[in-house]
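Only the coordinates and a few stated rules stand behind these numbers; no lab work does. Everything numeric in this text was worked out from a predicted model, so none of it was measured. Counting neighbours? That spans all protein chains shown, and the Cβs are built from the backbone with ideal geometry, glycine included.
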Amino acid sequence: MPVYLDHAATTPILPAALAAFTEALATVGNPSSIHSAGQRARMLLEDGRAAVAASLGADPVEVVFTSGGTESINLAVKGLFWARQRDRARPRIVVPAGEHHATVDTVDWLERHEGAVVDVVPLDAQGRVDLAALEARLASADDVALVTFLWANNEVGTVQPVARIVELAHAAGVPVHSDAVAAYGQVPVDFAASGLDALSVSAHKIGGPVGVGALVLGRRATVEPLIHGGGQQRQVRSGTQDAPAAAAFGVAARTPHADVRHLRDRLVEGVRRAVPSAVLMGDPDDRLPNNAHFTFPGCEGDSLLFLLDAAGVAVSTGSACQAGVPEASHVLLAMGLSEEDARGALRITLGHTSTDADVDAFLAALPAAVARAGAAGMASRAPSLGR
């Protein structure tokens, strides 16, 4: 059976969540209908909402179900931006470098179509937000619409100083959104304690189904909706609500999360022994407990991924590949790596199905993969094949 070590991309659905989902699919009724069938569906929906809210330190009324993390981030960032323009122009969005593309592409769209001014805050060498630079960006906050940031970096796993970021933004009178998709289920995420105005999560990262997420929106926060036509959820998101998905999300949210830190630590030490040149990226201590992210000098991450996949081990790279051309990770570049070093990245992430045997299989396959990838060299050095 293949070894799956890409849980940050998606983790297998929990058996209990799958059972709840399939059972709920047989329930007939629109949750907005007032007859008994509709109210049975409403009970499934609201039980799921209550469970998700409890897992996030939020009130159920603050949980707006969406189609996933990407929609939640779009709704938060675009919605807050538009709402902040109601009384006067506030075009500036303050965002750290190295954010997930759900945020990067959203603020880019707002810049191109809505006149937003994107103010990028640098990261340090461990992928942490430069707080002094953030404070400087907020020193004159009259034109700032919002601050948005990752609770924990989805590539290198570094956990951000959430409380301090919120404190700086609120001192300047600016609302704050956090993408907690990678952090949810890995570290404590308490919406009320954080002071955030909005927070995004996704079910399939914690063992729920794909296709459902949530925007946690504080009672006093105001957003313009992306979708109109019914106003089912606080006039924030319209559309018939997916009761089966919410029920399964709720089961996943109630399930205690697997502690895989010991497996992660074994894996990190094993990589260091097997490949001494490998470099652990991100904060060595204050990081997601399921995340191990390495760069392998002289190797293409894509080559390593394919070689490991051929050996029956699934991991991911720290880069994207567009039209067959390897691209360096924007996160690693923001952390100060050269383009060549940034292209030699692997992200190994564990989850509720991970075992010691999985770690052993990865460590057994890694040296040969590194040797072959190193012999092949970097794409930029590849010899010409002629016309």
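Observations on the model:
- Most mobile of V176, V279, V201 in a GNM of the chain (Cα contacts under 10 Å): V279
- Length added when fully stretched, E339-E23, from 0.36 nm per residue minus Cα-Cα: 108.8 nm
- Take the Cα of A9, go 7 Å toward its beta carbon, and none of the backbone nitrogen atoms of region 237-273 fall under 15 Å from that spot.
- Multiplying the residue separation of T222 and A310 by 0.36 nm and removing their Cα-Cα distance gives an extension gain of 26.8 nm.
- Simple rule: put +1 on each Lys or Arg Cβ and -1 on each Asp or Glu Cβ in the chain, find the dipole, and look at G173, G377, A24; the Cα lying farthest toward the positive end is A24.
- Rg ratio (alpha-carbon, reference 2.2 N^0.38 Å) - region 1-96: 1.48
- Whole-number percent relative contact order across region 206-354, with pairs defined as alpha carbons under 8 Å at least 6 apart: 20 percent
- Of the Cα atoms belonging to region 169-276, the radius of gyration and Dmax stand at 18.0, 58 Å.
- Using a Gaussian network model of the chain in which every pair of alpha carbons under 10 angstrom is joined by a spring, one finds that among A145, A328, A89 the greatest mean-square fluctuation is at A89.
- Debye intensity ratio in log₁₀ form over the Cα atoms of region 77-216, taken at each q of 0.22 Å⁻¹: -1.49
- Note on the chain: with charges restricted to the Cβ of Lys and Arg (+1) and Asp and Glu (-1), its dipole about the Cα centre is near 540 debye.
- The modelled label-to-label distance between A16 and H101, using points 7 Å beyond Cα along the C-beta direction, is 3.5 nm.
- Modelled this way, with points 7 Å down the Cα-to-C-beta line, the labels at M43 and V210 are 3.2 nm from one another.
- The helix-based estimate of mean residue ellipticity at 222 nm for the chain, built from -39,500 (n - 2.57) per DSSP H run of four or more residues and divided by its residue count, is -11500 deg cm²/dmol to the nearest 500.
- The ellipsoid equivalent to the alpha-carbon distribution of region 37-159 has semi-axes of 30, 19, 13 angstrom, derived from the gyration tensor eigenvalues as √(5λ) and listed largest first.
- Counting 0.36 nm for each residue step from D286 to E327 and taking away their Cα separation leaves a gain of 12.0 nm.
- Distance between the pseudo-spin-label points of S140 and S277 (7 Å out from Cα toward the beta carbon): 4.9 nm.
- Working from the Cα coordinates of the chain, the gyration tensor eigenvalues give, after taking √(5λ), semi-axes of 36, 27, 18 Å in decreasing order.
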